[in-house]
Amino acid sequence: MVVGEHRATKLVINLAALQSNIKNEKKLLPASTRLFAVVKANAYGHGLVQVANAAVAGGADGLCVAILDEALELRHAGIKVPVLVLGITEPENAMLAQKDDISLTVGSTEWLLQYCQLLQNQLVTGKLKVHLALDTGMGRIGFRVRDEFDHALRLVQKRPFSFEGIFTHFATADEVSFDYFTQQMDTWHQLTDHMESLPEFIHVSNSATSLWHLPVTGNMIRFGIAMYGLNPSGRIIDPPFELQPVLSLVTKIDFVKQVQKGSSISYGATYQAKDDEWIGTIPLGYADGYPRRMQGFHVLVDGEFCEIVGRVCMDQMMIKLPHKMAAGTEVTLIGQQKGQQISCEDVAEYAHTINYEIMTSLATRLKREYVY
Ligand SMILES: *Cc1c(COP(=O)(O)O)cnc(C)c1O
């Protein structure tokens with residue numbers, strides 16, 4: 001894994017903004033509700049360990065990841081707070097979680113029985129912390145039927161398990177209509193209302209649920225996209241407080257030329273200069289996670305919007321400059337410059353995707369610089 005330490009292209013990650021998003025969310029929550037920062041997928045592209053440390057310092061009570069390796073990485077970095085793996089871990093690998101005090105998600109009795117089976121020939125003393133996932137309508141993982149869930153409840157009360165949580169995930173918490181959300185909530189109640197003793201963590205909220213469905217049951221939230229300052233709904237619903245974007249993508253022009261009217265730019269010769277034009281080249285491309293389909297969109301140079309001309313290449317792209325500019329002039333692709341802004345949402349819309357995908361596609365080749 002090579003990181004471009006010696007080129008101008010970089011992500012600037014503002015950890016003060018991240019912490020302020022956590023603080024503002026915590027102001028909305030009852031004091032007893034815990035906030036787990038979701039740092040899966042390299043903290044949505046922002047850098048796993050740096051973000052995890054900043055989130056904990058900023059008031060997060062625990063961390064959520066998608067896969068076991070992300071959790072192990074956090075432990076290897078010396079992070080001690082509770083860590084929950086949200087995806088399914090193979091029973092064969094669950095011992096690794098147990099050794100490092102990592103909590104796992106379980107969605108079937110079969111999984112619990114398999115783990116018990118595997119332990120029979122092993123000398124394991126500690127207990128495995130588990131959260132039971134309930135599929136109330138997301139259709140991804142978890143218990144859907146009361147009988148099987150009840151069976152699982154009986155299994156996790158005993159060794160080798162430590163029953164730590166129950167949770168569900170909403171499919172439409174970021175939408176204007178509450179209908180499907182309410183149906184999922186009803187299913188949640190049908191599955192859980194009869195429980196005699198509750199585990200420590202009851203959680204149903206991703207960012208969207210925590211922003212727009214505050215009163216739902218639970219004593220912990222899984223705070224992801226909004227912590228990075230992005231709106232889970234895109235632009236559809238306004239958040240209750242101003243989200244501060246954490247990440248900027250910047251570079252510098254590294255080559256400048258004037259081309260004659262009619263000259264073509266980049267692969268496929270899809271762009272012809274409409275006039276004698278000043279063209280700048282910048283050192284980033286789709287291999288850095290900036291989508292190839294951004295041709296025709298714009299970047300900021302000296303506070304002015306400049307069109308991306310010709311196809312985005314793997315490692316470079318060309319922009320049309322308003323006039324001659326020096327190599328070394330700063331360029332902003334995501335973020336603010338001289339009072340102008342290009343948001344991650346602007347990029348996502350142009351690329352016909354969502355802000356989550358733009359963030360998580362940002363390549364490991366990009367240097368990440370952390371500021372407060
Ligand atoms: C990714 C994920 C989250 C975080 O979602 P955001 O929309 O980013 O807040 C929460 N819960 C589960 C189960 C997830 O997979």
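Numbers at a glance
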| read-out | value |
| --- | --- |
| Among 371, 259, 297 - extreme Cα towards positive end, dipole of the range 247-371, charges at beta-carbon | 259 |
| Simple Cβ-charge dipole of the chain, Lys/Arg +1 and Asp/Glu -1, about Cα centre, in debye nearest 20 | 800 |
| Solvent-accessible area per residue for the chain (1.4 angstrom probe, square angstrom) | 45 |
| Mean-position separation - Cα centroids, the range 83-130 and the range 221-296, in angstrom | 43 |
| Radius 10 Å from Cβ of residue 42, net charge of other residues (Lys, Arg +1; Asp, Glu -1) | 0 |
| Length-normalised contact order for the range 247-371 - Cα pairs under 8 Å, 6+ apart - percent | 28 |
| Size of electric dipole in the range 33-228: Cβ of Lys, Arg +1 and of Asp, Glu -1, about Cα centre, debye, nearest 20 | 500 |
| Helix 48-57 vs. the chain, principal-axis angle (Cα, 0 to 90°, nearest 10) | 70 |
| Candidate aspartates and glutamates - alpha carbon under 20 Å from residue 320, same-chain residues fewer than 8 apart omitted | 254, 275, 276, 277, 302, 304, 307, 330, 346 |
| Net charge dipole size for the range 247-371 [Lys, Arg +1 and Asp, Glu -1 on Cβ; Debye, nearest 20] | 300 |
| Portion, in percent, of the accessible area of the range 248-372 that falls on carbon or sulfur, probe 1.4 Å | 47 |
| Angle between the chain longest axis and helix 109-119 axis [Cα atoms, degrees, rounded to 10] | 80 |
| The range 33-228 shape via C-alpha gyration tensor axes, a/c threshold 1.5 | oblate |
| C-alpha long axis of helix 146-156 to longest principal axis of the chain, angle in ° | 80 |
| Accessible-area ranking of 323, 76, 46, largest first, probe 1.4 Å | 76, 323, 46 |
| Accessible surface of the range 1-155, 1.4 Å probe, proportion on carbon and sulfur as whole % | 52 |
| Mean Cβ neighbour count within 10 Å, used as a protection proxy, ranking 255-262, 291-298 highest first | 291-298, 255-262 |
| GluC sites (Glu not before Pro) restricted to DSSP loop in the range 1-107 with at most 14 other C-beta within 10 Å | 5 |
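The values are calculated or read from the model by the stated rules, or taken from the named source; none is laboratory data. Quick caveat: nothing in here was measured; it's all calculated off a predicted structure. Cβ atoms come from the backbone with ideal geometry, glycine included; neighbour counts cover every protein chain shown. The protein model used for the area step is the full one, side chains on, heavy atoms only, and it has no ligands, DNA or RNA in it. Shrake-Rupley method; radii C 1.70, N 1.55, O 1.52, S 1.80 Å.
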